[in-house]
Amino acid sequence: MDALHAAAVAITKARRIAVLTGAGVSAESGIPTFRSALASMGALWKDFDPATLATPEAFARDPERVTRWYDHRRLGCLAALPNPGHLALADLERDLESRGGEVILLTQNVDRLHQKAGSRRVVELHGTLITWRCTLTGRHTTPEPAPMREFPTPSPFDPRGLLRPNVVWFGERLPDDAVAAAENAAASCDVFMAVGTSSQVYPAAGFIHAAMARGAVTIEVNPEKTPISDLVDIRLQGPGGEVLPRLLVAARAGKGF
Ligand code: BJW
């Protein structure tokens, strides 16, 4: 049996599927992966390393530049459309629900493209850059779909505060409810898929190890090798926008859906 067929059989048999997604899922929607993002943005960002940019310290040091970077990415996300990989995951959720099962998407992505594709059970582990919040009051707002007018952006809630993206930076705690939902999914799923993630950023990368340890079938979809590639049960090498629709077709051609 080839890997695609083996994965199709596993998802056809499953009642509960957890899918951890990363930036690679949105690459085919034109959103650069986190680690390739700066390279695509030209000289303005050349002195910034993403690992140090996505930190509270970077925002404290240079709020103007960090706000510009996130606003640029926010507008890119608002303009982007889901690709066949997002759509296949939304279809998988509907298929499984129609036979009494469930799919939960644990996404590290901040772009909201899973929701745009129609996925309903989405846990945003690293927040979203579509909404922003006040650094002083913590109140949330959804900026209009146009460039911010001031950099940094004053908070509409408290004139002494600034607006920052509602994302989780390095060193910040993930939302408790998102972590609890992910832990619960890893502890109860029959199949755990890791799609388009480098599996290097924790705690998100730890959930697949938890699922693996208790015997869930693990599947990776990625064109490149990652730290989990040799550990998973099934490795589907290729872009999500090609592999996921083929996987769904294979599962539907089998039985169950
Ligand atoms: C394709 C494709 C195609 C290409 N199809 N695939 C344990 C061990 C070591 C370190 C730690 C640990 N626990 C915590 C840490 C520290 C740290 C961490 O993990 N550091 C590592 C770098 C080592 N973690 C944290 O700081 C986290 N916080 C925390 O643990 O808090 C504890 C705490 C407790 C109590 C009080 C306070 C704190 C927070 C992590 C937050 C990560 N945030 C970011 C930025 C979000 C905002 C933004 O977007 O700017 O999230 S970092 C960045 O990495 C972003 C991503 O969501 C995340 C993961 O990246 P992802 O999605 O995997 O993307 P890439 O670019 O890395 O990979 C893309 C993949 O796609 C590649 O594999 C390609 O091959 C593939 N690909 N095209 C499919 N077409």
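Between Q200 and R173, the FRET efficiency from the beta-carbon distance, with R0 = 30 Å, is close to 0.95. When you filter the trypsin sites (Lys or Arg not before Pro) in region 175-257 for DSSP loop state and at most 13 other Cβ atoms inside 10 Å of their Cβ, you are left with R214, K225, K255. Computed from the C-beta positions of H209 and R149, the FRET efficiency with R₀ = 35 Å rounds to 0.20.
Rounded, prolate or oblate: which one fits the chain, using the alpha carbon gyration tensor with axes a ≥ b ≥ c (rounded when a/c is under 1.5, else prolate when a/b beats b/c, else oblate)?
Values: a/c = 2.01, a/b = 1.91, b/c = 1.05.
It is prolate, given that a/c is not under 1.5 and a/b is the larger ratio.
The trypsin sites (Lys or Arg not before Pro) of region 104-207 meeting both criteria, a DSSP state outside H, G, I, E and B (loop) and at most 14 other C-beta atoms within 10 angstrom of the site's C-beta, are R120, R139, R149, R160, R173.
Given I208, G241, P227, which one lies farthest toward the positive end of the charge dipole of region 148-257, if we put +1 on the Cβ of every Lys and Arg and -1 on the Cβ of every Asp and Glu? Most positive-ward Cα: G241. Model label sites at R246 and K225, defined 7 Å from Cα along the beta-carbon direction, differ in position by 2.0 nm.
Which percent of the accessible heavy-atom area of the chain goes to carbon and sulfur, probe 1.4 angstrom? The computed percentage sits at 54. For the chain, the share of DSSP beta bridges that are antiparallel, to the nearest 5, is 25%. The label-point distance for A79 and N184, in a model that sets each label 7 Å from Cα toward Cβ, rounds to 3.9 nm.
In plain terms, the chain is cut at each of the GluC sites (Glu not before Pro) found in a DSSP loop with at most 16 other Cβ atoms within 10 Å, and the longest leftover piece is 1-149.
Would you mind classifying region 71-176 by shape? Square roots of the alpha carbon gyration tensor eigenvalues, ordered a ≥ b ≥ c; an a/c under 1.5 is rounded, otherwise it is prolate if a/b is larger than b/c and oblate if not. Prolate, because a/c is 1.5 or more and a/b exceeds b/c. Remark: the M1-T55 segment gains 14.9 nm on full extension, using 0.36 nm per residue and subtracting the alpha carbon distance.
For chymotrypsin sites (Phe, Trp or Tyr not before Pro), the sites in region 116-199 that DSSP calls loop and that have at most 15 other Cβ atoms within 10 Å are F170. Rounded, prolate or oblate: which fits region 163-257, taking a ≥ b ≥ c as square roots of the Cα gyration tensor eigenvalues, rounded meaning a/c under 1.5, else prolate when a/b beats b/c? In terms of gyration-tensor shape, prolate. If R0 is 25 Å, the Cβ-Cβ spacing of T142 and H72 corresponds to a FRET efficiency of close to 0.90.
Over what distance in Å are the Cα centres of region 1-27 and region 180-257 separated? Region 1-27 and region 180-257 have Cα centres spaced 6 Å from each other.
Accessible area per residue for the chain is 46 Å², calculated with a 1.4 Å probe on protein heavy atoms, without ligands, DNA or RNA. Using Cβ point charges alone (K and R +1, D and E -1), the dipole size of the chain about the Cα centre works out to roughly 340 debye. Axis angle, to the nearest 10 degrees, between helix 63-79 and the longest C-alpha principal axis of the chain: 40 degrees. Placing +1 on the Cβ of every Lys and Arg and -1 on the Cβ of every Asp and Glu, with no other charges, gives region 180-257 a dipole of roughly 240 debye about its Cα centre.
Each Lys and Arg adds +1 at its Cβ and each Asp and Glu adds -1 at its Cβ; summed about the Cα centre, region 124-257 shows a dipole of about 160 debye.
The values are calculated or read from the model by the stated rules, or taken from the named source; none is laboratory data. Worth saying up front: this structure is predicted, and the values here are computed from it rather than measured. All Cβ positions, glycine included, derive from the backbone under ideal geometry; neighbour counts span all protein chains shown. Surface areas here come from the heavy atoms of the whole protein model, side chains and all, with no ligands, DNA or RNA. Shrake-Rupley method; radii C 1.70, N 1.55, O 1.52, S 1.80 Å.
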